[in-house]
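In what follows, a structure is listed as structure tokens, so that the remarks can point back to it.
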Amino acid sequence: MERKYLLKRFVIKKCIKHPRLFNLIKKFRKVVQDPNVFSIAISYEEAAMYTKQLAKKIPNNFDVIIGIPRSGIFIADILATKFGRPLTTPDLFVDGKIWESSLIKKPKNIQRVLLVDDSASSGKALDEATKKILRYNPKLTIKKAVLISTPNGKKYVDYVQLIKKPKHLLEWQLIQNFKLTKFSVDFDGVLCEDCPRGVGLIEEEYIEWMKNAKPFMIPINEIDTIITSRLEKYRDITEKWLKENNCKYKKLKMINLKSDYKKNLNTVISFKVNAIKESKPELFWESNFREAYEINKKTKVPVLCTDEMVFLK
């Protein structure tokens, strides 16, 4: 069983890194049912790498780099640093404010600007920013760059690195997305950091860790159900942590066992699967890849695995 799972994971990782292999396996999915369909999520690390590749397509002849808040600033900052150019946003630019440093000074005569966003689909955000900038100075030459574009969106930009279908998943948008989605989440490894190995063996240390666990990925939108393999007896500690970290949720489901020694992987997966079937979310966030895989397979609910940054659907 474990060997079969590890083989599946190996194949999935290869698919993520090699889209052609991913598409080939999709074609044979009627014959080979595993692995499930996985779509690629783009992480911060990958975004930085792709932005450096995008920079090679862009001439370094712009006076200012303008990033569209908030996600566009992340990409624009990397480009501005690489090109040695000052950075700003559309609103700050029309107010005459540009971020500079001791080495990178604000130019006296601005003629060419590079407008940057993380992605383009309808082109609306880029168009609105362009109009705002041109109202301020109609003589400016504006070029547009994005890291990712849909096939339709590429006609609105001058420079783009990746072309992807709509609803591509971006790690830096996870916290603000899913406003209209009923979603549930795991706790440790998602809302907070994962418990360090060995800490759970001594209850006093484990309780102290739960009280002071560092927040990790807390959505700004209300979570329907938090489904965690933490024991029910730690509910008060867990609810207090959620309140202190301003985490909005409707329900908190915890595993009802007397001790952690009675927990194993199958028990945890069975608990989460039953809880998900009961709460019926449209999406579930899970940190552990093995659990994410089994949950998706047994519930057919799309699962975002935050450890691997892959989307199981």
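Tabulated data for the structure shown
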quantity: For ILE218, distant residues with modelled amide H under 5 Å away; calculated: none
quantity: Descending semi-axes in Å of the stretch 230-313, equivalent ellipsoid built from Cα gyration tensor; calculated: 22, 17, 12
quantity: Segment LYS277-GLU222, extension gain: residue separation times 0.36 nm, minus the distance between their alpha carbons; calculated: 17.9 nm
quantity: Amide H partners (placed H, <5 Å) of ASP194, local residues excluded; calculated: GLY189
quantity: HN-Hα J in Hz across the stretch 194-204 - Karplus 6.51, -1.76, 1.60, θ = phi - 60°, x for Gly and Pro; calculated: 6, 5, x, 4, x, 5, x, 6, 10, 4, 4
quantity: Taking the convex hull of Cα positions in the stretch 45-168, its mean projected area over all directions (nm²); calculated: 7.2 nm²
quantity: FRET efficiency for LEU92 and ILE163, using Cβ-Cβ distance with R0 set to 51 Å, rounded to 0.05; calculated: 0.95
quantity: Separation in nanometres of the label points that stand 7 Å from Cα toward Cβ, at GLU232 and VAL199; calculated: 2.5 nm
quantity: Long-range tail of P(r) for the stretch 186-228 (Cα pairs > 17 Å, %); calculated: 36 percent
quantity: Rg in Å to one decimal, and Dmax rounded to a whole Å, for the stretch 174-312 via C-alpha atoms; calculated: 14.0, 41
quantity: Other-chain or far-sequence residues with amide H under 5 Å of LEU162's (modelled H); calculated: ILE148, SER149
quantity: Gap separating the Cα centres of the stretch 54-98 and the stretch 227-297, nearest whole Å; calculated: 42 Å
quantity: Theoretical gain in end-to-end length, THR267 to ASN60 [0.36 nm per residue, Cα-Cα removed]; calculated: 68.8 nm
quantity: Violating pairs (Cα-Cα greater than 18 angstrom) within the set LYS182/LYS280; LYS251/LYS277; LYS214/LYS240; LYS57/LYS82; LYS182/LYS233; calculated: LYS182/LYS233
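FYI, it's all coordinate maths here, none of it is from the lab. Quantities reported herein were computed from a predicted structural model and do not represent experimental measurements. Note that each Cβ is placed from the backbone with ideal geometry, even for glycine, and that neighbours are counted across all protein chains shown.
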